[in-house]
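Have a look at the structure below, then the notes.
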Amino acid sequence: MEFGSRKRYCTLFDLYSEILLDHYRLPRNKGRLDHPTVTVEGTNPLCGDELTLDLEFEGDRLSRVTFDGKGCAISMASASMLTEILQGKTIAEVEKWIADFRAFIRDGHAPEGVEMGDLTALIGVSKLPVRVKCATLPWMTIEEGVRKYRGS
Ligand code: ZN
């Protein structure tokens with residue numbers, strides 16, 4: 001890691017690509033949990049993305065979430081961002097994030113009053129229908145995980 005050599009960004013697009021690539025190259029919370037409460041798998045056959053999420057719940061809180069899998073940079077970066085944002089959140093907060101992310105991709109901008117953080121880097125995806133499924137795969141997968149946990 002080189003310090004003091006921060007790149008200058010010409011456009012927001014460059015900045016967003018950089019954030020995406022950073023999550024793709026240095027994924028957060030990648031790997032498997034030894035004793036997950038729930039494990040869910042998701043695939044996006046259109047692109048070949050394969051994802052496994054291990055979720056550990058403590059009461060109404062998602063105490064840990066890790067992901068594993070392979071796929072395009074968008075799906076893997078989106079999964080990495082998801083783990084970073086949702087770890088430690090309550091189930092109600094997780095569900096709100098899922099809804100907000102859905103709206104963000106559908107509308108092409110963040111919902112009123114919501115700060116999307118690194119997820120903002122996925123904004124370009126909303127204009128690329130083929131890529132929408134890549135970006136939303138981790139979010140649809142965790143939604144199923146929450147449903148499984150609630151049902152158990
Ligand atoms: Zn993909």
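The values are calculated or read from the model by the stated rules, or taken from the named source; none is laboratory data. The structure presented is a predicted model; accordingly, all values stated were derived computationally and were not measured. Quick reminder, even Gly has a Cβ in these numbers, built from the backbone with ideal geometry, and neighbours come from all protein chains shown.
A few comments on the model shown:
- Given (1) at positive phi; (2) more than 16 Å from the ligand (Cβ to nearest atom); (3) surrounded by 14 or more Cβ atoms within 10 Å (Cβ to Cβ), number of the condition I91 does not satisfy: (1)
- Of the set (1) surrounded by 14 or more Cβ atoms within 10 Å (Cβ to Cβ); (2) modelled with pLDDT under 95; (3) at positive phi, all apply to N29 but (2).
- Selection status of S17, within 13 Å of the chain's Cα centre (by Cα), under 17 Å from V132 (Cα atoms) and either of a type in the set (S, T, Y) or away from the ligand (no atom under 16 Å from the Cβ) (or both): no
- Number of the condition not met by V114 [criteria: (1) within 16 Å of the ligand (Cβ to nearest atom); (2) farther than 20 Å from K30 by Cβ; (3) among the hydrophobic types (A, V, I, L, M, F, W, C); (4) in contact with a helix residue (DSSP H, G or I) (Cβ under 9 Å, 6 or more places away or on another chain)]: (1)
- Scanning the stretch 51-81 for residues that are without any contact (Cβ under 8 Å) to a residue 24 or more places away in the chain and within 12 Å of I142 (Cα to Cα), we see that the one that is farthest from the ligand (Cβ to nearest atom) is E56.
- Residue tally, condition surrounded by fewer than 22 Cβ atoms within 10 Å (Cβ to Cβ) and away from the ligand (no atom under 16 Å from the Cβ), over the stretch 123-152: 10
- Of everything listed in (1) within 27 Å of V130 (Cβ to Cβ); (2) crowded, with 18+ Cβ neighbours inside 10 Å, the single unmet condition for H109 is (2).
- Those residues of the stretch 26-50 which are over 14 Å from K148 (Cα atoms) and away from the ligand (no atom under 16 Å from the Cβ), in sequence order: L26, R28, N29, K30, G31, R32, L33, D34, H35
- Residue, farthest from D100 (Cα to Cα), within the stretch 34-88, restricted to residues that are aliphatic (A, V, I, L, M) and surrounded by fewer than 17 Cβ atoms within 10 Å (Cβ to Cβ): L46
- Restricting the stretch 89-109 to residues that are among the small types (G, A, S) and more than 18 Å from A79 (Cα to Cα), the residue that is modelled with the highest pLDDT: A92
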